[in-house]
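What follows draws every value from the coordinates through simple rules; no lab data is involved. In this text, all values refer to a predicted model and were calculated from it rather than measured experimentally. When we count neighbours, we look across all protein chains shown, and the Cβ atoms used for this are built from the backbone with ideal geometry, even at glycine.
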């Protein structure tokens, strides 16, 4: 399989020194394990891969035992690499890794360590506390259009509908997507919600969280107030609960609620969110439309187009200091706004289909004087070209 950009970065870091634990963070089924094993094969040193994904079987003693196995594999010249997958599933894992890592550093033990897992729980349960100053993070995002095109020969339309899950590519049948949809819904979405969110975070209303996810896929690309969400969900929840659940879904790499761009931080936080998926496969799998029917449904296909642009931006800014927002004032809207320090890039997406909202670019330019404005679609940058543009090119001069 084609090696992702993070591959070269990992190789460089591992070759430089053993000063830090390398942490690969990202959602399920985006290739973290494959990437780690590719790196292990490339650097040609002894390696030991372990996974704590089966939470009922693993504990601190198991982790300590496996660490010792890796130590015994150390080559006197090259060292050895220990890869720990889904480590956050082990209670109090961070304290044990800190003790083992500090012991190796003291003894000059040449053991490289790579941790794989889901970002919010690793960050909350050990990285920023017990392992402070001992790790570097490499974010692993959903696959881009360019990657799916080069590796699986996806066309633009296929990418819009089937999204960027490499493991699901072999299940694609354009005439009957039933098997593909079942895989996305059962093996990816439900597994992420039940094992990565509900097991790792206190969720008092699991049914509400699941319905919120479904609603977010249905309205991806649209701005929806929390009060309207509550009405749609018909649940006696509150806006604080919904905002928290959106954060959990975003942390798992499923969907997020973009904030409105404003000069004052409190205005950003108090805005209605614009719902956005991290992968358009989530929208298609939740819909009843086949690939052919989706292409003929102008409204749905238009939302796929805008959501694909949003997903491209959200995945590209992971691990950077770039922020992504939307902007709207009355009936005028700018689809996406990127901010990097004082640099502001306003992005408008034209799907080629009639849209109810009006372009707010002129109003936005007058009010905020953006550094760059971009039109994606007809009479602008072609969609397939935009989906191949590196994020640094969007926030550069």
Open item on the list: If I fit a long axis through the Cα atoms of helix 5-16 and take the longest principal axis of the Cα atoms of the chain, what angle between them do I get, 0 to 90°, rounded to 10?
Closed with: 30
TODO: List the relative contact order of the chain as a percent without decimals, with contacts defined as Cα pairs under 8 Å and 6+ residues apart.
DONE: 14
Open item on the list: Run the simple label-point estimate for residue 330 and residue 227 please: 7 Å along Cα→C-beta, distance reported in nm.
Closed with: 2.1
Task: Kirkwood Rh, Cα atoms: Rg over Rh of the chain - done: 0.98
TODO: Please give the helix 60-72 orientation as an angle from the longest Cα principal axis of the chain, in degrees from 0 to 90, rounded to the nearest 10.
DONE: 70
- [ ] Give the relative contact order (percent, whole number) for segment 133-273; include only Cα pairs under 8 Å separated by 6+ residues.
- [x] 15
TODO: Tally the DSSP beta bridges in the chain and give the antiparallel ones as a percent, rounded to 5.
DONE: 35
Task: Reciprocal mean inverse distance between Cα atoms of segment 287-335 - Kirkwood radius, Å - done: 12.9
Task: Per residue, the convex hull volume that the Cα atoms of segment 291-388 enclose (Å³) - done: 103
- [ ] May I ask what percent, to the nearest 5, of DSSP beta bridges between residues of segment 5-139 are antiparallel?
- [x] 5
TODO: Give the Rg (one decimal place) followed by the Dmax (whole number) of segment 138-288, computed from C-alpha coordinates and expressed in Å.
DONE: 16.2, 49
Open item on the list: Output the 0 to 90 degree angle, nearest 10, between the alpha-carbon long axis of helix 32-43 and the longest principal axis computed from the alpha carbons of the chain.
Closed with: 50
Open item on the list: For a quick check: sort 152, 298, 261 by the number of other beta carbons within 10 angstrom, fewest at the front.
Closed with: 298, 152, 261
- [ ] Would you work out if segment 149-226 is rounded, prolate or oblate? Take a ≥ b ≥ c from the square roots of the eigenvalues of the alpha-carbon gyration tensor; rounded if a/c is under 1.5, else prolate when a/b is larger than b/c, oblate otherwise.
- [x] prolate
Open item on the list: Just to be sure I understand: if I project the alpha-carbon convex hull of segment 180-222 onto a plane and average over all orientations, what area do I get in nm²?
Closed with: 3.4
- [ ] Just check segment 204-319 against the gyration tensor rule for me: Cα atoms, a ≥ b ≥ c as the square roots of the eigenvalues, rounded for a/c under 1.5, and otherwise prolate or oblate depending on whether a/b exceeds b/c.
- [x] oblate
- [ ] Determine the distance separating the Cα centre of segment 141-163 from the Cα centre of segment 200-246; give it in Å without decimals.
- [x] 29
Task: Selected from 254, 230, 111 as most flexible by GNM, with the chain as the system and alpha-carbon contacts under 10 Å - done: 230
TODO: Using only Cα positions of segment 57-180, each an equal point scatterer, no hydration layer, compute I(q)/I(0) via Debye at q = 0.16, 0.18 Å⁻¹ and quote the log10 values to two decimals.
DONE: -0.84, -0.93
Open item on the list: Distance between the C-alpha centers of segment 1-53 and segment 278-303? Whole Å please.
Closed with: 34
